[in-house]
Amino acid sequence: MSMIRAAHTADLDAIAALHTRARATYYRGHIPEQAYAGDAEIRRTREGWSRAVARTASDGGVLCAERDGTLTGVAAFRTKDGETTLTQLHVDPDHWRRGTGAALHAACLDAWRRAGIRRVRLEVYEKNLRAQAFYAAHGWRPDPDAPGSGSHRVLWLTVAEADADAEGEASGE
């Protein structure tokens with residue numbers, strides 16, 4: 001079972017490495033490797049996660065999933081100018097199909113509900129069909145007014161109020 005917790009500065013190397021491994025699964029063969037796994041990109045990735053982890057709670061959050069002390073997933077969201085965006089949700093490919101993504105998503109939903117957020121946006125790589133299926137299964141819907149921004153599709157989620165049955169399901173794996 002995954003444990004979900006807030007990310008810490010000490011997690012940055014593990015987060016950047018997991019992010020790079022996950023992105024390789026859907027970018028490989030579609031864009032040059034340097035664009036997702038080169039040294040400069042890995043540095044840029046770590047710097048981006050560093051900024052995300054340093055945000056105040058009112059500006060967003062970064063959540064980590066751990067299993068037996070190993071980082072298995074990470075999610076980040078940001079609220080800017082009144083709009084909340086799920087900016088990242090990655091599961092280590094070695095831990096796919098074990099409930100990690102669902103647990104991270106449920107933890108994000110809980111955080112959004114506590115913050116009074118009712119609508120969240122994300123962009124997903126158009127060739128990442130696995131992620132698109134995951135988001136569709138969790139209630140995300142395509143934006144009919146913004147079918148995509150280049151190589152990404154825009155999705156929206158309406159954050160429903162929690163009920164007792166949904167709360168029990170969200171905490172399980």
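The values are calculated or read from the model by the stated rules, or taken from the named source; none is laboratory data. What you are looking at is a predicted structure, and each value in this text was computed from that prediction instead of being measured. Glycine gets a Cβ as well: all are built from the backbone with ideal geometry, and neighbour counts include every protein chain shown.
Observations
- Complete set of residues in region 35-85 that are closer than 17 Å to residue 5 by Cα, crowded, with 16+ Cβ neighbours inside 10 Å and of a type in the set (Gly, Ala, Ser): 52, 60, 61, 65, 73, 75, 76
- Qualifying residue in region 101-122 (condition: more than 14 Å from the chain's Cα centre (by Cα) and among the aliphatic types (A, V, I, L, M)): yes
- When region 55-93 is filtered for residues that are out of contact with any helix residue (DSSP H, G or I) (no Cβ under 8 Å at 6 or more places or on another chain) and either farther than 23 Å from residue 133 by Cβ or assigned to a helix (DSSP H, G or I) (or both), the ones remaining, listed by number, are 55, 56, 57, 58, 59, 66, 68, 69, 70, 81, 82, 83.
- Evaluated against (1) closer than 24 Å to residue 141 by Cβ; (2) at pLDDT below 90; (3) out of contact with any Phe, Trp or Tyr (no Cβ under 7 Å at 6 or more places or on another chain), residue 90 falls short on exactly one condition, (2).
- For region 102-157, a tally of residues being farther than 16 Å from residue 4 by Cβ and in a helix (DSSP H, G or I) returns 9.
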